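The values are calculated or read from the model by the stated rules, or taken from the named source; none is laboratory data. Note that this is a predicted model, so its numbers are computed, not measured. Cβ placement follows ideal geometry from the backbone for every residue including glycine, while neighbour counts extend to all protein chains displayed.
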Amino acid sequence: MPSSSQKLIAGVVAERAPGERRVAIVPSDVRRLESKVTLLVEHGAGQAAGFTDEAYALAGATLTNREALLAQAAVIVAVRFPADVDSWREGALLISLGTRDTALEAALAKRRVTHLGLERVPRIARAQSMDVLSSQAAIAGYAAVLEGARSLNVMLPMLTTAAGSIKPARMIALGAGVAGLQAIATARRLGAITHGFDIREAAREQVESVGAKFIHPATPLASADGSGGYAAEQAAEEQERLRRALAPELASMQLIITTAQVPGRRAPLLIDAATLGTLTPGTVIVDLAAESGGNCEATRPDELVDVAGVRILGPTNLPSTVATDASRLFSGNLRSLLEHLLGAEGQLRLDSGDPITGPLLGNRAPINTASHPPTIVA
C-alpha cells in the first residue's frame, strides 16, 4: 500500500459547461479511494448535485481552489471536457467525456495532456462497472419520459372518475438499448401502454421483459446486430424501408422516445417529414439522439420544435436534470476505472495494449511529461 506521500494526487474540478450540474466524484467514493489516491476537490464542485464541501472534507478530500488543484494534481477528473484545458500545465492526465468535441484534440495536443475519453469505454464484461455511457443513458431514459409527460396534453395513466374515463396514453421507444428500456419501464410505471422498437430481433426478450409490446421490421435487415451491443448502421435503402414500416405504428402513439445511435456516426433518421405529417397534433417526440444529428428530421439540439402541433424536444444533457443520482452512478464508474488504472500497487499504469485502457486512449501511446508520471506501457 503506498504511503500518503507516494499516493497519486487526483483532482475533481467543478463543471463550468452551461447547465451541467453533475460532479465526477461523490463523497462516498472519496472514502473508497482514499487508501490509494489523495483527492483534491475544487470548492463548490458538488454543490449543484447536492454534495457539500463539508461532505467532501468529512470523507477525506482536501478542498482547494481551481488554480491550486491544477498545479498539484497528476490526474484530473471531470464530467465534461473542461474548456480551460489550454491553460493547464503540461503532462496532466484528464479523464472525462468529450471525445466528440472537435476542438478537443488541438487543445490537448497544445498542452500535451493525455485524455482518457469515457465515451470509448469498451462494452466488454470487465468494463461494465466503468461504462459511463450506459449508466447515464439509464438516467436519460427515465428523465426523457418525465420531460415528454410535461409536454403532453394528455395524462399517461388511465383515470376513471364520475366525470368520465381517460384512456391511458400510448408510448413507444425507438431503440431498445439502455435508455430505451429505461424509458419503457418508467412510462409503464406511470400507466402508459408501452411499445418498443428495435431492428435487432435479439432485443425482443428485453423489451417484453419490461412489459412492452415488441415491434420489429416485418422483413429482416442485413447485419442488424453491430458490435458492443449496438445496432449496426443500415444502408440508406434499409433506413427508408424502416421509416415506411414504422410510420403506421407511430401514428397511433402519443409519446415517442427515440434513442437510436451508431457510435462515431450520425444518428439514423427514423422519423422524416412524411412521417411527421401522419402524427396526431399533440404527439410529443423526445429525441435522445439530438446531439449526434437526431432520429427525427425536425430535431434541433436543446430546442422545442413544433411541427403542425407535434412537439419535438431535443435535450442533450438529461442526466444533469437528475444530478444527484446521475453523479452517484458517474462517480461509481470513475472509481472502478481508477481502481483498474492503479492496480494492487497503487501506481498509475497507462498500458495502450490493455483491453480497457487502450480504447480509452484511442489506442495511442500516452504523453509522459507530468511531474508525477504514470508507468507508461506503450
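Is there any pair linking a residue in region 91-116 that is assigned by TED's automatic domain parsing to the domain that holds ARG16 and crowded, with 21+ Cβ neighbours inside 10 Å to one that is modelled with pLDDT under 80 and small (Gly, Ala, Ser), with Cβ under 7 Å and at least six apart or on different chains, and which? Within 7 Å, the pairs are ALA92/ALA370; LEU93/ALA370.
Would you confirm, using the coordinates I've provided, whether LEU350 is modelled with pLDDT under 95 and either of a type outside the set (Phe, Trp, Tyr) or assigned to a helix (DSSP H, G or I) (or both)? Judged against the criteria, LEU350 is a match. Taking every residue in region 1-13 that is part of a loop (DSSP other than H, G, I, E, B) and modelled with pLDDT of 90 or more and pairing it with any residue that is surrounded by fewer than 20 Cβ atoms within 10 Å (Cβ to Cβ) and not acidic (Asp, Glu), at least 6 positions away or on another chain, the pairs with Cβ-Cβ distances below 9 Å are VAL13/ARG66. Residues that are modelled with pLDDT of 95 or more, surrounded by fewer than 21 Cβ atoms within 10 Å (Cβ to Cβ), of a type in the set (Gly, Ala, Ser) and not assigned by TED's automatic domain parsing to the domain that holds SER336 are absent from region 173-182 altogether.
Remark: ALA323 falls outside the filter, which requires a residue to be in contact with a Pro (Cβ under 6 Å, 6 or more places away or on another chain), modelled with pLDDT of 95 or more and crowded, with 21+ Cβ neighbours inside 10 Å. Note on region 131-216: enclosed strands (runs of 3 or more DSSP E) holding 2 or more residues that are at negative phi, of a type outside the set (Gly, Ala, Ser) and under 22 Å from the mean Cα position of the chain (by Cα) are 170-174.
When GLN128 is tested against (1) among the polar types (S, T, N, Q); (2) within 30 Å of ARG311 (Cα to Cα); (3) part of a helix (DSSP H, G or I), only condition (2) is not met. Scanning region 89-119 for residues that are more than 15 Å from LEU334 (Cβ to Cβ) and outside any loop (DSSP other than H, G, I, E, B) gives LEU104, GLU105, ALA106, ALA107, LEU108, ALA109, LYS110, ARG111, THR114. Among the conditions (1) within 22 Å of THR38 (Cα to Cα); (2) within 16 Å of the chain's Cα centre (by Cα), ASP101 misses just one, which is (1).
For region 281-298, the candidate set comprises residues that are of a type in the set (Gly, Ala, Ser) and either under 13 Å from the mean Cα position of the chain (by Cα) or not assigned by TED's automatic domain parsing to the domain that holds ILE184 (or both); within that set, the residue that is surrounded by the fewest Cβ atoms within 10 Å (Cβ to Cβ) is SER292.
If the condition is being within 21 Å of SER352 (Cβ to Cβ) and either at pLDDT below 85 or surrounded by fewer than 18 Cβ atoms within 10 Å (Cβ to Cβ) (or both), then region 75-90 contributes only GLU90.
Yes/no per residue for (1) touching a helix residue (DSSP H, G or I) at 6+ places or on another chain (Cβ under 8 Å); (2) crowded, with 22+ Cβ neighbours inside 10 Å; (3) part of a helix (DSSP H, G or I); (4) assigned by TED's automatic domain parsing to the domain that holds GLY148:
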| site | (1), (2), (3), (4) |
| --- | --- |
| ARG265 | yes, no, no, yes |
| PRO268 | yes, yes, no, yes |
| LEU279 | yes, yes, no, yes |
| ARG300 | yes, no, no, yes |
| VAL305 | no, no, no, yes |
| ARG311 | yes, no, no, yes |
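Residues in region 36-88 that are without any contact (Cβ under 8 Å) to a residue 60 or more places away in the chain and either part of a loop (DSSP other than H, G, I, E, B) or under 12 Å from ARG16 (Cβ atoms) (or both): GLU42, HIS43, GLY44, ALA45, THR52, GLY60, ALA61, ASN65, ARG66, PHE81, VAL85, TRP88.
For region 15-30, the set of residues classified as in contact (Cβ under 8 Å) with a residue 40 or more places away in the chain and more than 13 Å from ALA61 (Cβ to Cβ) consists of GLU15, ARG16, ALA17, GLY19, GLU20, ARG21, ARG22, listed by residue number.
Would a scan of region 152-166 turn up a residue that is in contact with a strand residue (DSSP E or B) (Cβ under 9 Å, 6 or more places away or on another chain), buried (at least 20 other Cβ atoms within 10 Å of the Cβ) and within 22 Å of ARG311 (Cβ to Cβ)? Looking through region 152-166, at least one residue is in contact with a strand residue (DSSP E or B) (Cβ under 9 Å, 6 or more places away or on another chain), buried (at least 20 other Cβ atoms within 10 Å of the Cβ) and within 22 Å of ARG311 (Cβ to Cβ). In the set (1) under 24 Å from LEU350 (Cβ atoms); (2) within 20 Å of the chain's Cα centre (by Cα); (3) modelled with pLDDT under 95, the condition left unmet by PRO18 is number (1). Scanning region 1-58 for residues that are surrounded by fewer than 18 Cβ atoms within 10 Å (Cβ to Cβ), among the hydrophobic types (A, V, I, L, M, F, W, C), within 20 Å of ARG328 (Cβ to Cβ) and touching a strand residue (DSSP E or B) at 6+ places or on another chain (Cβ under 7 Å) turns up just one, ALA57.
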